[in-house]
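Taking it in order: structure first as structure tokens, then the write-up.
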Amino acid sequence: MTSTSSISTPEARRTLQRRTLAVVMASQVFSGAGLAAGITVGALLAEDMFGTTSLSGLPTALFTAGSAATAVLVGRLSQRSGRRAGLAAGYAAGALGGAGVVLAAVLDNLPLLLVSLLVYGAGTATNLQARYAGTDLATVDRRGRAVSTVLVATTLGAVAGPNLVAPIGELSERYGIPALAGPFALAAVAYGIAGTVLFLLLRPDPLLAARTAPASSVAGGREPGRRFAGSVMAGAVTMVLTQVVMVAVMTMTPVHMQAHGHDLQATGLVIAIHIAAMYLPSPVTGVLVDRAGRVPVAVAAGSTLLAAGVVAALAPEDSVVLLTVALALLGLGWNLGLVSGTAMITDNAPTDGRARTQGTVDLCVALAGAGGGITSGMIMNATGYATLSIAGGVLALAVVPFVVTSARRKPRLSRRP
């Protein structure tokens, strides 16, 4: 096996990069299922246990808040000990949180539910942090594709998760577990497997290898002189705005559908397609980010989210088809924002502080998502789903002037990837 001290040639670097992507992709298949299962029923479980729609956005807010704290911790642990240690620890915490949610539902214990949702958020943060492991050894002109490779692997589990909600719910009831808590049991197992895969197989560690590799090993990477690589701030703003809009609308869609007579199977289908749209377009998005540039793709993200808000607002209450289209656009807009924003940040964050910077940015992203989750229920309760959707789409457009203005500044590229 290649050691970190021997990554001294472009070929050795490419070999380790391929191995890293293979291991991370394998773990993401499982973590995607853990992420999606909880998202699908979190709001419904809260509505059932609290007895009110106004607090149905609380689970998303809580596990997003937990994700925020974990983003920083995983980033710092990764900076000190490597991606392997940081990601494995994050998934272990997510598994513990999922198990706690199941126990809270069985005992009808609200305090335990709240604490467990916070801890469960560790899995969400780690799922996103894993994309950075794919960029540590990537050359500048392939970073978008490296991010997209990791994200698309998440699709398999992420699409399967929501579609397993109904059968897992039925199976859970046989063992005395509420149907809406069953998917969290799936999440606990999935996160546990993802962490184990990374802990055992992510060797050598890509971040530690990137620190020891000489700058000359980047040979073959094409400096993107004709296109703007972006800044850390531009990348952060892109991801923050796309996250808050996506979380707010996505969280309230299952509640909106249930209120108008749609069953769990229909809800699971809509969310499954939404999550597929979040990850499945990643290979195309990665190529666009590398070839067309970071800024055009970020602008496309804001425009796509606006379209999603308009379609969701105009969709008839009984139309599963239009809600599916809206949620697919919502997922696509998020994907465009995440891949372009991640590339901007990696382009500009120096290797010796990269993981800390990435963790801090993901903290901001997670806090934005928490805000979107907790306010979405209040907005919907006060004004309705249509207003929430339109407001989200308009907010997403703020990405456009920010990144376009940033594009006029001279890019500052990290000379070592």
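The values are calculated or read from the model by the stated rules, or taken from the named source; none is laboratory data. Small disclaimer: the values here were computed from a predicted structure and weren't measured. Here Cβ is always computed from backbone atoms with ideal geometry, including for glycine, and neighbour counts include all displayed protein chains. Remember, those area values only see protein heavy atoms, side chains included, never the ligands or the DNA or RNA. Shrake-Rupley method; radii C 1.70, N 1.55, O 1.52, S 1.80 Å.
If you roll a 1.4 angstrom probe over the protein chains with everything in place, what fraction of the accessible area of the range 320-415 belongs to carbon and sulfur, to the nearest %?
Carbon and sulfur: 70 percent of the exposed surface of the range 320-415.
Using only Cα atoms and rounding to the nearest 10 degrees, what angle (0 to 90) does helix 110-133 make with the longest principal axis of the chain?
Helix 110-133 sits roughly 30 degrees off the main axis of the chain.
How large is ³J(HN,Hα) for each residue in the range 83-98, as worked out from phi by the Karplus curve 6.51 cos²θ - 1.76 cosθ + 1.60 (θ = phi - 60°), to whole Hz, x for Gly and Pro?
Per-residue couplings from phi come out as 4, 4, 5, x, 5, 5, 5, x, 5, 4, 5, x, 5, 4, x, x Hz.
Over what distance in Å are the Cα centres of the range 249-327 and the range 60-129 separated?
25 Å
Taking only protein heavy atoms into account and a 1.4 Å probe, give the accessible area per residue of the chain in Å².
Computed with neighbouring chains in place, this is 35 Å² per residue.
Shape verdict for the range 100-165, please, from the Cα gyration tensor: rounded (a/c under 1.5), prolate (a/b greater than b/c) or oblate. Please report the intermediate quantities before stating the final value.
Working: a/c = 6.27, a/b = 2.27, b/c = 2.76.
The shape class here is oblate.
Output wanted: per-residue J couplings in Hz (rounded whole) for the range 237-243, from phi through Karplus 6.51 cos²θ - 1.76 cosθ + 1.60, θ = phi - 60°, x for Gly and Pro.
Whole-Hz 3J(HN,Hα) from phi for the range 237-243: 5, 4, 6, 5, 5, 5, 5.
With runs of 4+ DSSP H residues as the only contributors, calculate the mean residue ellipticity of the chain at 222 nm using -39,500 (n - 2.57) per run, divided by the residue total and rounded to the nearest 500.
Working: 16 runs with 327 residues, N = 417.
Mean residue ellipticity, 222 nm, calculated: -27000 deg cm²/dmol.
Given points 7 Å out from each Cα along the Cα-Cβ axis, report the LEU200 to ALA259 separation in nanometres with one decimal.
Label-label distance for LEU200 and ALA259, simple model: 4.6 nm.
When the Karplus curve 6.51 cos²θ - 1.76 cosθ + 1.60 is applied with θ = phi - 60°, which whole-Hz ³J(HN,Hα) does each residue of the range 340-351 get, with x for Gly and Pro?
5, x, 4, 5, 4, 5, 5, 4, 10, 7, x, 4
On a full-extension model of 0.36 nm per residue, what is the gain between LEU397 and LEU110, subtracting their alpha-carbon distance, rounded to one decimal in nm?
On the way: separation 287, 0.36 × 287 = 103.32 nm, distance 3.75 nm.
Result for the pair: 99.6 nm of gain on full extension.
Once you have the Cα-Cα distance between GLU11 and ARG76, take 0.36 nm times their residue separation minus that, and quote the gain in nm to one decimal.
Stretched out fully, the GLU11 to ARG76 stretch lengthens by 20.5 nm.
Using only the Cα atoms of the chain, what are the Rg and Dmax in Å?
Computed over the Cα atoms of the chain, radius of gyration and Dmax are 20.2, 61 Å.
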